[in-house]
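K.L.:
Quick one: the structure is below, and I'll ask about it shortly.
The values are calculated or read from the model by the stated rules, or taken from the named source; none is laboratory data. Everything quoted here is computed from the prediction, not taken from an experiment. So basically every Cβ, Gly included, is an ideal-geometry build from the backbone, and we count neighbours across all protein chains shown. Surface areas here come from the heavy atoms of the whole protein model, side chains and all, with no ligands, DNA or RNA. Shrake-Rupley method; radii C 1.70, N 1.55, O 1.52, S 1.80 Å.
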Amino acid sequence: MSLEPPYPALPLDALWEGPGIGTAAPDGPPGPWHLPWDRLTPAEAAEAREGLAGRAYEFQASDAATGDPVRRIFTGDLLRADAERTARLLTPYAPEAIVAFAPPRHVYGAAAGVFLPAVTGLPVWFWPAGDCPPPAVPARRIAVVAIPAAFRALARHPRWTASFEQLTFLHGGAELPPEARRFATDPRAALIELLGSTETGSVAHRTGWDPAGPWTLLDDVAFAAPRTGAEGPLTVTGPRLSALPDGSRPDRHEMDDVVRRLGDRLFLRLGRRAQLVRVNGVRYDLGAIAARLRAALPGADVACVRVPGPAGPPHEEAYDVLVAGGGPLTADGVRAAARGLGAEPRLVRLVDRIPRGPLGKPLPAQLNPPD
């Protein structure tokens, strides 16, 4: 008898009700599912794609800096256009199937986990990570729609990962977890990072494992700011910006990402505004510090939180470190590890858990230290 977990095939005539896209997603943790696009006739696939594209979808997220709710609306045509650009990025790697970890409740998960299989005709399995075993995927080359939890799940299933001759990871712009490092030297593994937001969809990409490498705007996205050679918030314009709840569509959006623009299409990403601090005159990216601390503290989850700096020079800031798990750790030991990365935290808090959203990002409204 097969011990494979059930990955039920969803009906393709009502995908917006099956896994649920945006706020239509069921409450609670998502379960595994499978969409067999490769088994459809051309007429059936065209009908299913048109059904997906002909609707509007509402998404809700939290503002990266304040935690306040953000509500935006994407038409299916816009999500399909997003997926078509991702499909072009995947073409050199010739995947035969898709394994998605990003839930379609979020724009990235909807575009890459539902619309990408629709436009490519590739079968897709949604693996909710956690304790769920991996799907049985009859392919040798796969694309993985990854979030940080994906790399942790794959680390628990090395035999499954070893069964493929090519793994192409799509990653939604969050910091890569330590578990991703094992793939950086694997000749079978390629990485495509996508940068975007609930307001914009995907706006830029880069390929390779260099965490300091430049990003390139997607072909239908243009800079609205900053000017070439300057640093500032990444502000973009283009035809795929989402609509506000009242139906109006902004012509540009200022993202939380701080960048240095290199030219008409290229930029370096310096971090998120909510994650950048200036300590002793030096700017640090708290997301990068947290990622390096996770690598230095095996088994621990880490988040860094910006807090008001001490009285003194203007524009000086500070940060706290939150650490969950990781065995017998002490606040002094964590502080010493952080000091070795260049900026000593104001406070180290050992906590039971760090609240994170489904895409792996810490929930800022729940990380503030108590009064």
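K.L.:
Restricting attention to the range 57-77, does a residue exist that is in contact (Cβ under 8 Å) with a residue 40 or more places away in the chain, in contact with a Ser or Thr (Cβ under 7 Å, 6 or more places away or on another chain) and of a type in the set (Gly, Ala, Ser)?
P.N.:
Yes, the range 57-77 contains at least one residue that is in contact (Cβ under 8 Å) with a residue 40 or more places away in the chain, in contact with a Ser or Thr (Cβ under 7 Å, 6 or more places away or on another chain) and of a type in the set (Gly, Ala, Ser).
K.L.:
Also: I'd like to verify a number: residues in the range 196-215 that are assigned to a strand (DSSP E or B) and buried (at least 17 other Cβ atoms within 10 Å of the Cβ), how many? So that I can check it myself, show each step before the final result.
P.N.:
Taking the range 196-215 as the starting set, the residues that turn out to be assigned to a strand (DSSP E or B) are 196-197, 201-207, 215.
Pick out the ones that are also buried (at least 17 other Cβ atoms within 10 Å of the Cβ) and you get 196-197, 201-206, 215.
Qualifying residue count for the region: 9.
K.L.:
I've got another one for you. Condition first: assigned to a helix (DSSP H, G or I) and either surrounded by fewer than 17 Cβ atoms within 10 Å (Cβ to Cβ) or not polar (S, T, N, Q) (or both). Now tell me which residues in the range 268-286 satisfy that.
P.N.:
Applying the first criterion (assigned to a helix (DSSP H, G or I)) to the range 268-286 yields 273-275, 286.
ARG273, ALA274, LEU286 - these are the residues of the range 268-286 that are assigned to a helix (DSSP H, G or I) and either surrounded by fewer than 17 Cβ atoms within 10 Å (Cβ to Cβ) or not polar (S, T, N, Q) (or both).
K.L.:
Also: How many residues are open to solvent by less than 10 Å² (accessible area, probe 1.4 Å) and either more than 21 Å from PRO117 (Cα to Cα) or in contact with a helix residue (DSSP H, G or I) (Cβ under 9 Å, 6 or more places away or on another chain) (or both) if we restrict to the range 151-172? Lay out the reasoning, then the answer.
P.N.:
Going through the range 151-172, the residues open to solvent by less than 10 Å² (accessible area, probe 1.4 Å) turn out to be 151, 153-154, 161, 164, 167-171.
Still in the running and either more than 21 Å from PRO117 (Cα to Cα) or in contact with a helix residue (DSSP H, G or I) (Cβ under 9 Å, 6 or more places away or on another chain) (or both): 151, 153-154, 161, 167-171.
So the answer is 9.
K.L.:
Okay, moving on. If you go through the range 131-182 one residue at a time, how many are within 17 Å of the chain's Cα centre (by Cα) and small (Gly, Ala, Ser)?
P.N.:
To start, the set of residues in the range 131-182 that are within 17 Å of the chain's Cα centre (by Cα) comprises 143-154, 168-181.
Remaining after also requiring small (Gly, Ala, Ser): 143, 146, 149-150, 153, 172-174, 180.
Result for the range 131-182: 9.
K.L.:
Still on this structure, please answer the following. Output the number of the condition that GLY247 fails; it satisfies all remaining conditions of (1) over 21 Å from the mean Cα position of the chain (by Cα); (2) modelled with pLDDT of 95 or more.
P.N.:
The number of the failed condition is (2).
K.L.:
While we're looking at this one, here's another question. Which one of GLY247, GLY232 is part of a loop (DSSP other than H, G, I, E, B) and either exposed (fewer than 14 other Cβ atoms within 10 Å of the Cβ) or not polar (S, T, N, Q) (or both)? Break it down into steps so the answer makes sense when it comes.
P.N.:
Numbers: GLY232 fails: part of a loop (DSSP other than H, G, I, E, B).
Just a single option satisfies the conditions, and that option is GLY247.
K.L.:
Moving on to the next point. Does the range 251-262 contain any residue that is in contact with a strand residue (DSSP E or B) (Cβ under 9 Å, 6 or more places away or on another chain), within 30 Å of GLY76 (Cβ to Cβ), open to solvent by 40 Å² or more (accessible area, probe 1.4 Å) and in a loop (DSSP other than H, G, I, E, B)?
P.N.:
Yes, because at least one residue in the range 251-262 is in contact with a strand residue (DSSP E or B) (Cβ under 9 Å, 6 or more places away or on another chain), within 30 Å of GLY76 (Cβ to Cβ), open to solvent by 40 Å² or more (accessible area, probe 1.4 Å) and in a loop (DSSP other than H, G, I, E, B).
K.L.:
A follow-up question, please. Is it true that ALA224 is more than 22 Å from PHE115 (Cα to Cα), surrounded by fewer than 18 Cβ atoms within 10 Å (Cβ to Cβ) and in contact (Cβ under 8 Å) with a residue 24 or more places away in the chain?
P.N.:
Values: more than 22 Å from PHE115 (Cα to Cα): yes; surrounded by fewer than 18 Cβ atoms within 10 Å (Cβ to Cβ): yes; in contact (Cβ under 8 Å) with a residue 24 or more places away in the chain: yes.
Taking the combined requirement at face value, the residue satisfies it.
K.L.:
Follow-up question, since we're still on this one. Just checking, which of ALA110, ALA100, ALA129, ALA118 is at pLDDT below 95 and either surrounded by 16 or more Cβ atoms within 10 Å (Cβ to Cβ) or in contact with a helix residue (DSSP H, G or I) (Cβ under 6 Å, 6 or more places away or on another chain) (or both)? Give the steps one after another, and end with the answer.
P.N.:
Values: ALA110 fails: at pLDDT below 95; ALA100 fails: at pLDDT below 95; ALA118 fails: at pLDDT below 95.
Residue meeting the stated conditions: ALA129.
K.L.:
Every residue in the range 200-220 that is within 24 Å of ARG80 (Cβ to Cβ) and out of contact with any helix residue (DSSP H, G or I) (no Cβ under 9 Å at 6 or more places or on another chain), please.
P.N.:
Within the range 200-220, the first condition is being within 24 Å of ARG80 (Cβ to Cβ), and the residues that meet it are 200-207, 215-220.
Residues satisfying the conditions are VAL203, ALA204, ARG206, TRP215, THR216, LEU217.
K.L.:
As an exercise: evaluate ARG181 against (1) in contact with a helix residue (DSSP H, G or I) (Cβ under 9 Å, 6 or more places away or on another chain); (2) within 30 Å of ILE73 (Cβ to Cβ) and give the number of the one condition it does not meet.
P.N.:
Answer for ARG181: the failing condition is (2).
K.L.:
Another question, then. Which of the residues belonging to the range 160-178 are at negative phi, out of contact with any Lys or Arg (no Cβ under 8 Å at 6 or more places or on another chain) and not aliphatic (A, V, I, L, M)?
P.N.:
We begin by selecting, within the range 160-178, every residue at negative phi; these are 160-172, 174-178.
With out of contact with any Lys or Arg (no Cβ under 8 Å at 6 or more places or on another chain) added as a condition, the list becomes 160-163, 169-172, 175-176.
Those that are at negative phi, out of contact with any Lys or Arg (no Cβ under 8 Å at 6 or more places or on another chain) and not aliphatic (A, V, I, L, M): TRP160, THR161, SER163, PHE169, HIS171, GLY172, GLU175.
K.L.:
From the list LEU329, LEU347, LEU322, which residue is open to solvent by less than 40 Å² (accessible area, probe 1.4 Å) and aliphatic (A, V, I, L, M)?
P.N.:
Details: LEU329 fails: open to solvent by less than 40 Å² (accessible area, probe 1.4 Å); LEU347 fails: open to solvent by less than 40 Å² (accessible area, probe 1.4 Å).
Just one listed residue meets the conditions, LEU322.
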